[in-house]
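Taking it in order: structure first as structure tokens, then the write-up.
The values are calculated or read from the model by the stated rules, or taken from the named source; none is laboratory data. In this text, all values refer to a predicted model and were calculated from it rather than measured experimentally. All Cβ positions, even for glycine, are placed from backbone atoms using ideal geometry, and neighbour counts span all protein chains on display.
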Amino acid sequence: MKQTFILLTGFLLVTNALHAQKKQPNFLAELSVGPSFPIGKFADKTADNLNKEKPSGLAKTGWGTNLSVGYYLNRSVGLLLSAGYSDHKQAPAGYTQSIYLSYSGRSSFEFNAKSWKEVNVRTGAFFVMPLTASHRLNLITKLTAGVCKTAIPALGYTAYKEDGTVLYEGTLNEVDLPWGFCYQIDAALKYKLGNHLHALLTVNSFNALPRKKFDGVTKQYNLSTVNCMAGIGIDF
């Protein structure tokens with residue numbers, strides 16, 4: 001009787017272990033990073049747009065990162081909570097051209113433009129489409145929306161006389177912008193490295209238009225980017 005009990009207990013433990021290995025995971029966590037390419041007004045470096053209602057961002061190619069936690073509703077659909085961060089240096093040539101347009105070249109200028117730094121929090125859903133019968137390679141589509149925060153970058157400047165001596169110098173502090181609406185669309189290839197671990201290759205489009213009123217005029221700042229990211233994730 002004792003031996004039968006031991007054998008039965010062992011059988012149940014093995015069965016439970018096998019079931020656990022095949023069980024659909026409930027959660028996922030992913031971290032990815034890669035280059036971030038500004039587009040539209042965010043990338044525009046046209047000097048005469050700087051003082052308009054939709055100013056140029058003068059943004060250069062930067063980098064971004066994304067952290068996501070998800071919950072599987074079933075094997076094909078899940079809910080997602082994501083946080084992102086990006087950093088884009090500015091091209092100071094745009095400021096130089098703008099000043100030259102105003103001063104007709106009577107002085108020379110040197111600029112030290114800081115970076116656009118943006119952080120966001122988003123929620124949404126993800127959809128899984130297997131590309132192989134074994135589900136080892138999958139296409140993941142993500143749709144998320146939320147809020148983002150940024151500031152107009154600080155700007156240091158130095159003006160020189162025609163003989164090269166310093167005429168004046170100063171700094172324009174960064175200008176905080178209110179929280180604004182943002183959304184992101186992702187398409188990712190997910191490759192399973194094991195029972196729980198997977199690698200990711202993602203292309204996404206991020207869009208945001210934070211606004212702020214200056215002397216009665218509302219300005220709109222475009223933060224649109226296309227991002228190519230590689231990362232790693234875990235299902236549990």
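Miscellaneous remarks
- Residue match in segment 128-135 (condition: in contact with a Phe, Trp or Tyr (Cβ under 7 Å, 6 or more places away or on another chain) and surrounded by 13 or more Cβ atoms within 10 Å (Cβ to Cβ)): no
- Every residue from segment 168-185 that is among the small types (G, A, S) and either surrounded by 14 or more Cβ atoms within 10 Å (Cβ to Cβ) or free of Cβ contacts under 8 Å to residues at least 12 places away in the same chain (or both): G180
- Within segment 32-64, if we keep just the residues that are of a type in the set (S, T, Y) and at pLDDT below 95, the residue that is nearest to I185 (Cα to Cα) turns out to be S56.
- Taken together, L67, L18, L28 contain a single residue that is within 24 Å of S134 (Cβ to Cβ), modelled with pLDDT of 85 or more and aliphatic (A, V, I, L, M), which is L28.
- Residue within segment 213-226 that is farther than 23 Å from S56 by Cα and either of a type outside the set (D, E, K, R) or modelled with pLDDT of 95 or more (or both) present: no
- Residues in segment 209-231 that are more than 11 Å from the chain's Cα centre (by Cα) and part of a strand (DSSP E or B): R211, K212, K213, F214, V217, T218, K219, Q220, A230, G231.
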